[in-house]
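Following: one structure in structure tokens, then a few remarks.
We did not get these values from a lab; they are worked out from the coordinates using the rules stated. In this text the structure is predicted, and so the values were computed from the model without any measurement. Backbone-built Cβ (ideal geometry, glycine too); neighbour counts: all protein chains shown.
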Amino acid sequence: MSVDAWVTLAVVAGVLALLVRGRIAPSLVLLGGAVAVLVLGVVTPEEAFSGFSNPAPVTVAALFVLAAAVEKTGALTPVMQRTLGDGGTYRRPLLRSLPPTMAASAFLNNTPVVAMLVMQVSAWAERRDIAPSKFLMPISFAAIMGGLLTVIGTSTTLVVSSQMTTFGLDQLGFFEISRIGLPIALVGLVLLVVMAPIALPDRRSARAEVEEEGRRFSFEMQVVPGGPLDGRSVERARLRRLEGLFLASVDRGDTVIAPVRPETVLRGGNRLHFVGPAHRVVDLQDTPGLRSTELEHVLDLEEPAVRYFEAVVGQRSPLVGKTLKDVGFRSTYQAAVLAIHRSGQLVANRLGTERIRLGDTLIIVSDPGFRDRWRDRPDFLLVAELDGSPPVATSRAWIPVALLAAVVVLAATGLVPILNGALVAAAVLLASKVLTVSEARRAIDFDVILVIASAFGLAAAMESSGLAEAIAGGLVQVAGTLGPYGVLLGLVLATIVLTELITNNAAALLMLPIALNAAAAGGVDPRGAAIAVAVAASASFLSPIGYQTNMMVYGPGGYRFTDYARLGWMLTTLVILATVILVPVFWPPAG
């Protein structure tokens, strides 16, 4: 390999290491990688920042706006409300809900689709005393498979399609990827309906943790100095035998008393650590001489009514790795955390000093406007009101639906490029005031846009330096003994592994130059190789971190990390087999 290839390899290895560690936002890591190959002279400025002039990031941004309008107006709510129905326990509701989920995800960003269904499905399941864990993961997986049906189904397919032009290939047709995606979706639907009730365990959701006895949260109350409990024993204060609550410890500041005895004397300023269902905190708030350390800010809210929410912490959240005290949670978010749900387990430490992890579900109390303020921000991947309901369809719901239909028809027929149609649709939504400018801005996931644009620069460095050719040569040498099928198998497996470790868009853009070089050397049609990478990068079923919707259902479903592989390995095997077998059929190698 050339010196530039070795330099690029070092930069890419560093980028991958940082992405896997997850300590720095993926957008900053990839942008730093693009700047590094530029500064080190591997690529020109035009190549390093080619992604910022590429239509793919702008198209994705416009589609984010269109999806936000569909969510805000509740356009899909009537359809989704009818999907679950009243009959059946597991399979019939799955059979009714999964096809519409796939269909919606084929044309919309699947994040708002899954966000709506998380609330509806959780409430539906708990009303029937059924574990939401039987439904939420299949819905996420169905949304992922639905994204394989059209070129706008996922941002990954869009960016692969756009980058193909830099290698002399035509962009993907609107339904071209469905040659692979439709068989995967149909067989995957059968697998989900048949196997999900068997493979998925019953897990208590974060919502159930709050509402049901048996699962317990921890929260703190403080003894008011000079109040009626100051100087009284636990027994005299009647804190010994509280219904559904347990006084676990008394924190005096310099010492912690645990276990707490009936004769333990309470002093003003003591912090009392209770364990129990979070809704029981209301009982303690009515106790004279106690005040909540987690709800102090609520007294300052102008709105007298308070609401309870569950908020899932995603990969881009500034909360990850920090404590609530570090970020000044109460003042920053005008809310307080009552409890933390983590992989089905109680977080027993003091909430203010507990470091927040990726996938944590925070049980939050705030004013009724909390969800509207934070649902489109990177701080939380999902914000759902406990016992809340999805938005009701408004009189303007037809506008985003009509615009989406127009974009799809015009793009599918080739009359108007996807970029042009999506931009016009976004402009109409703003002009008609379906969305405000601030709502449209919040709807755009700028981290995803920056990831896409920056990854183009690294992909260009891999191609121009010869690194992609060298890696592809090694892949062909190892897998080429099995012919084109072996090369495809190697490409698909490498892409799947990379997708589970880093973001799917970055995985696709880094693998595409390798795939096209391997195709040239291994007897695979280049177009088929590109589509194989797009499918493999979009199909993440093995972990919650590989795809955004998987993380969205992680806390609300009460899942553990290993639950995903219990069902996901079947779908991953399906994706591998379908891609390796069907790509040579639909895109046979020349000659």
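Odds and ends about this structure:
- Segment 433-455 and segment 101-115: distance between their alpha carbon centers, rounded to Å: 17 Å
- Under the convention that each Lys and Arg Cβ holds +1 and each Asp and Glu Cβ holds -1, the size of the dipole of the chain around its Cα centre is about 1100 debye.
- Dipole axis of the chain (+1 Lys, Arg; -1 Asp, Glu on Cβ), positive-most option in 477, 436, 453: 436
- Applying 1/(1 + (r/R0)^6) with R0 = 60 Å to the Cβ-Cβ distance of residue 17 and residue 233 gives a FRET efficiency near 0.60.
- Helix-only [θ]222 nm of the chain, DSSP H runs n ≥ 4, -39500 (n - 2.57) each, per residue, nearest 500: -17000 deg cm²/dmol
- Degrees, to the nearest 10: 398-413 long Cα axis against longest axis of the chain: 20 degrees
- Alpha-carbon centroids, segment 534-558 and segment 566-591: separation in whole Å: 20 Å
- From the alpha carbon centroid of segment 139-185 to that of segment 30-51 is 27 Å.
- Cβ charges +1 (Lys, Arg) and -1 (Asp, Glu), total dipole of segment 416-469, debye: 380 debye
- Overall, segment 69-164 carries a charge dipole of about 220 debye about its Cα centre when +1 sits on the Cβ of Lys and Arg and -1 on the Cβ of Asp and Glu, all other atoms neutral.
- Our estimate of slack between residue 6 and residue 322, defined as 0.36 nm per intervening residue step minus the Cα-Cα distance, is 110.1 nm.
- Across the chain, the relative contact order, built from alpha-carbon pairs under 8 Å that are at least six residues apart, equals 22 percent.
- In terms of its alpha-carbon gyration tensor, the chain comes out prolate; a/c meets the 1.5 threshold, and the first ratio a/b outweighs b/c.
- Highest-first arrangement of 522-528, 536-542, where packing means the average Cβ count within 10 Å: 536-542, 522-528
- Principal-axis tilt of helix 484-501 within the chain, Cα atoms, nearest 10 degrees: 30 degrees
- Counted charge near residue 193, where neighbours are those whose Cβ lies closer than 12 Å (Asp, Glu -1; Lys, Arg +1): +4
- Straight-line cross-link partners of residue 433 among the lysines, defined as a Cα under 20 Å from its Cα and at least 8 positions apart when in the same chain: 72.
- Between residue 585 and residue 332, the C-beta separation translates, for a Förster distance of 60 Å, into a calculated FRET efficiency of about 0.65.
- Loop-located trypsin sites (Lys or Arg not before Pro) in segment 3-106 whose Cβ has at most 11 other Cβ within 10 Å (DSSP): 23
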